[in-house]
Every structure is written in structure tokens, then in C-alpha cells.
Amino acid sequence: MNLQNLRLTSKLWLSVLLIVLALVAVVGYTGYRTAEDRAQSEQALGQLNKRVKAALQWASLSQVNAARTQALMLSADPALEAGLKPAMTDTSAQISKIQKAIESEELTPADISLLKTIADNRKKVLSTRADALKQRTDGNLQEATKLTKEVFQPAMDTYQQSQRDFVALQEQAFEATQADYAQRAQRLVYLTGAMMLLLVSGILLGAAWLIRSIRQPLDTANNLAAKIAQGDLSMAIDTTRGDEFGDLMKSLSSMNASLGTMVNQVRHSTDSIATASSEIAQG
């Protein structure tokens, strides 16, 4: 499309339309990315926060059962055993439920590896606890106490440490995810700033081009009018433009041609008068 044939009003409206569309695109993209990142961050951080709470509850219930087991092993009171065993069974069921819920989520390879370690450690704890309880049930209280202190307690410490490691890993993942989304928000701010800078640069360049497209033909028309006013009717005027300045050039060309015709007619009339005067003088 030849821009010289585009009307000035069309150029102005087209420029305004392009600016509005560019602003809408920048603002729309920024708003879309912001909303999308916020939704993703809320979902990811909410899931990680839920997992941290579950892991903390898991570790807390394990510690409670460990204390109950130690109390049971170090006591010969049948009433204590009758009171603690149902609670221990219920807590173990809660621990298994929490563990399965955590394992069913989307986990990283580090999470899966650590969960396998926790599961192995828990098996050792349950196995040593069963051995100690059997010794206590058989009446070997001294052997049960020895197993509790030398085997069960170290196994429980290892198990609880692996649980604390898992909690720490989830907290690290929460902080890393939070920092990642903060960096994404910062990058979006930089990207939006860069797009706005490009948009402003484009507006300035477009304004410079529009001003130049108005000033140049206007200067040309002004120069042509000045030369016509000085009596120079020999100029070749370009009338190929299709905009308002093209109309002005056509008008100047018509005026130039009309003035030329008028001058020729005046000159012809002057020549005729001079000839007639000469003939009259001779007669």
C-alpha cells in the first residue's frame, strides 16, 4: 500500500488505532501472565504447605508412639499396656494413612528416595517394637528393656531423623517455589517495562514519520506557491499523490496552468494591439 495515497485523517486514525492496540496487547499480556502465575503459585504453594503440615503431623504422631512404646516397655503394669495399645494402634493407622496420602502426590525424585528410606526405617522400628513386646509378653522384662534401649530407640531415632529430613526437604521446596515465582514476577515486570519502552520508541518514531510526511509535502507546496507568486510558471508539479497534499498539488498545477494560459492570452492580446496600433500609425 502506497502511504502517499492514504488520506491524512486515515493516517492519524490508523496511528491512534495502532497505539491503542499495542497498549491493549501489552496490558492484556501482562494481566494474563500475572493471573496465570498467581493461580499456579497459589496451587503449588498450597500443595507444598499442605504437605509440610502433613509431614509435621506424621513426625509428631511417630514421636508420640515412640514415647508410648518406651513407657510400655519399661513398665510391668498390665493396666498400662491395656490403656496404651489401642491408642498406639490408632496412631499407627493415622501414620500409615498420612504416609499413603503423601506418597500419592506428585513428588520429586528426592522426595521418593527419602520416602523409601523412611518406609525402610519404619519397618525396622515396627520389627524391633514387635520383638520387644514379645519379650515383655513372655515375661522377659529385662530383655525387653534391653531391646528397647539398644535396638528400638536407635531405630526410632533414625526413623524420626528421616522424617525431619523429609519435613526440611518440603520446607526447602516451598521456599524454592516461592522464590521461583517471585523471580518470575520480577522478570514479568522487566519484560513489561521493555515492551513499554519499545512501544514508546515506536510511538516516537511513528510520530516523527507522520510529522515528516506532513511537513515535506507542505514545504513543497509552499515553495511552489511562492514561485508562482514570483511569476515562475515553468515548474513541473508532481500530482501523483492521492492524499490531501495531492489535492493541493493538483490545485496548484491547475492554477499554474490557468495562469500560464492567461499570460499567453494577455501576451497574444498585447501583440494584437501593438500590431493594430502600428497599422493605424502608418495609415
Students often get this wrong: which residues of region 200-231 have the backbone nitrogen under 19 Å from the point 7 angstrom along Cα-to-C-beta of R267? 227-231
With +1 on each Lys and Arg Cβ and -1 on each Asp and Glu Cβ, and nothing else charged, work out how big the dipole of the chain is about its Cα centre, in Debye to the nearest 20. 680
Just how large is the dipole of region 1-155 about the Cα centre, in debye to the nearest 20, putting +1 at every Lys and Arg Cβ and -1 at every Asp and Glu Cβ? 340
Spin-label point model (7 Å from Cα, Cβ direction): what's the K116 to A226 distance in nm? 8.9
Between the Cα axis of helix 244-282 and the main Cα principal axis of the chain, the angle (0 to 90°, nearest 10) is 10
Cα lying deepest toward the dipole's positive end in the chain, options I211, V263, A93, charges on Cβ: A93
For the chain, calculated [θ]222 nm from helices alone, where every DSSP H run of n ≥ 4 adds -39500 (n - 2.57): -32000 deg cm²/dmol
Mind ranking 56-63, 83-90 by how tightly packed they are, going by the mean number of other C-beta atoms within 10 angstrom, highest first? 56-63, 83-90
Degrees between helix 8-73 axis and first principal axis of the chain (Cα, 0 to 90, nearest 10): 0
Projecting each Cα onto the charge dipole of the chain (Lys/Arg +1, Asp/Glu -1 at the beta carbon, about the Cα centre), which of L141, G231, G31 comes out farthest on the positive side? L141
Whenever you get a sec, compute what percent of the accessible area on the chain sits on carbon and sulfur atoms (1.4 Å probe). 61
Given the candidates L74, N49, V64, the one whose Cα lies deepest towards the positive end of the charge dipole of region 1-99, counting +1 at each Lys or Arg C-beta and -1 at each Asp or Glu C-beta, is N49
Once the Cβ-Cβ distance between S127 and R184 is put in as r, and R0 is 45 Å, what FRET efficiency do you end up with, to the nearest 0.05? 0.45
Given a 1.4 Å probe, the accessible area of region 55-104 per residue, as a whole number of Å², is 51
Which lysines does K100 reach when only Cα atoms under 24 Å apart count, and residues fewer than 8 places away in its own chain are ignored? K50, K53, K85, K116, K123, K124
Given [x] 170, 25, 20; [y] 61, 45, 39; [z] 68, 47, 32 as candidate values of Cα extents along the principal axes in Å, which corresponds to the one derived from the coordinates? [x]
How far, in degrees from 0 to 90, does helix 153-229 lean away from the longest principal axis of the Cα atoms of the chain, to the nearest 10? 0
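The values are calculated or read from the model by the stated rules, or taken from the named source; none is laboratory data. Note that this is a predicted model, so its numbers are computed, not measured. Positions of Cβ are backbone-derived with ideal geometry, glycine not excepted, and every protein chain shown enters the neighbour counts. Protein only, heavy atoms only, side chains kept; ligands, DNA and RNA dropped before computing areas. Shrake-Rupley method; radii C 1.70, N 1.55, O 1.52, S 1.80 Å.
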